[in-house]
1. Tell me whether the stretch B:2-82 comes out rounded, prolate or oblate; compute the Cα gyration tensor, take square roots of the eigenvalues as a ≥ b ≥ c, and use a/c under 1.5 as the rounded threshold.
2. From Cα pairs below 8 angstrom and at least 6 apart in sequence, can you work out the relative contact order of chain A, rounded to a whole percent?
3. Counting only heavy atoms of protein chains, what accessible area per residue, in Å², does the stretch A:3-182 have with a probe of 1.4 Å?
4. What is the stretch A:6-55 by shape, rounded, prolate or oblate, if you read a ≥ b ≥ c off the alpha carbon gyration tensor as root eigenvalues and call it rounded for a/c under 1.5, prolate for a/b larger than b/c, and oblate otherwise?
5. Taking each residue in A:85-95, count the Cβ atoms of any other chain within 10 Å of its Cβ, then average. What number comes out?
6. With a cut-off of 8 Å between alpha carbons and a minimum separation of six or more residues, what is the relative contact order of chain B in percent?
7. Peptide B:38-50: average number of partner chain Cβ atoms within 10 Å per residue?
8. Test of understanding: what is the full-extension gain from A:Glu128 to A:Leu83, defined as 0.36 nm times their sequence separation minus their Cα-Cα distance?
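The values are calculated or read from the model by the stated rules, or taken from the named source; none is laboratory data. Since the structure is predicted, the reported quantities are computational estimates derived from the model, not experimental observations. FYI the Cβ positions are ideal-geometry reconstructions off the backbone, even for glycines, and counts take in every protein chain you see. Each accessible area value is taken on the protein alone, full model and side chains, heavy atoms only, with ligands, DNA and RNA left out. Shrake-Rupley method; radii C 1.70, N 1.55, O 1.52, S 1.80 Å.
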Amino acid sequence: MNKITSYYRLKDNRLTELYRSLEISYPKFFKMDRLCKAGFLASEMVFRSLGEDPQSPKHDTALVFMNSSSSLDNDMDYQTTILPGNYYPSPALFVYTLANIVTGEVAIRNKIFGETSFYISSEFSAKELIITAEGAFDGKGIRRVLCGWTEYFKDACDVLVMMVEKDAAEGLDFTEKNINQIY
Amino acid sequence: MEELILELKKQIIEALNLEEITPDDIDTNAPLFVEGLGLDSIDALELIVLMEKNYGIKLTDPGKSKEIFKSVATMAEYIQANRTK
């Protein structure tokens, strides 16, 4: 049975305040959209609780995130830069108009070399999370999967990031019941 | 010119979300890319948009970009000579 060896639930939208309180030095954070910031911070907390250095390469780790609003929160910001009569498309906003950018940001920060993927679903589903995360274990050499629900839309932050490990001695069983309990 | 340089530094900080940097931290003559502020290619595009939006300057010759965006000082000089607003 795969086990959740660490998790972080983030519902507070004061992302910059959390970043500062963690005393992280990663200037790229400020350029990220809110979805990336939320996924980044929750992942940071998971790796911290595991005592892992973000800079140590992680060849045995895959990454699977899901949400329901995709990158709509940032897409709406971008839309304000392409209005008729005020058409100055922002490249910095445009690069975040894809939901899977959050997986890239987290993978770069934490040197995750396993496969990364992002799925859009109508609502949070522990069952779907299990199916997608367990599929990621099929990757060569993958022993653990950083996975979760990374939803951010209109100031509502709804994030749960978990580290799920194969054959871990300790942790919560990676079951629907346990996921729903920590969500 | 000093006023334009300060205004430009503030606009760069805002446009590029350089939240931990103040205008005083930006060396007017230091390289904007790689060294200095360490800006990347997306930042370069954002600076092109900034020039058009705030000063009405449309860069049509990509070959000139390297010289124009060398530092805040070179940007300010170009803006002063070519601004339409």
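1. Working: a/c = 1.43, a/b = 1.26, b/c = 1.14.
Since a/c stays below 1.5, the shape of the stretch B:2-82 is classed as rounded.
2. Working: 344 pairs, mean separation 70.3, N = 183.
Worked out over chain A, it gives 38 percent.
3. Details: 8450 Å² over 180 residues.
With the other protein chains kept in place, the stretch A:3-182 gives 47 Å² per residue.
4. Numbers: a/c = 1.73, a/b = 1.24, b/c = 1.39.
Judged from the Cα gyration tensor, the stretch A:6-55 comes out oblate (a/c at least 1.5, b/c at or above a/b).
5. Numbers: counts 0, 1, 1, 5, 2, 7, 9, 8, 2, 3, 2.
The per-residue average across the peptide is 4.
6. On the way: 80 pairs, mean separation 28.1, N = 85.
It rounds to 33 percent for chain B.
7. That average works out to 3.
8. Details: separation 45, 0.36 × 45 = 16.20 nm, distance 3.74 nm.
Answer, rounded to one decimal: 12.5 nm.
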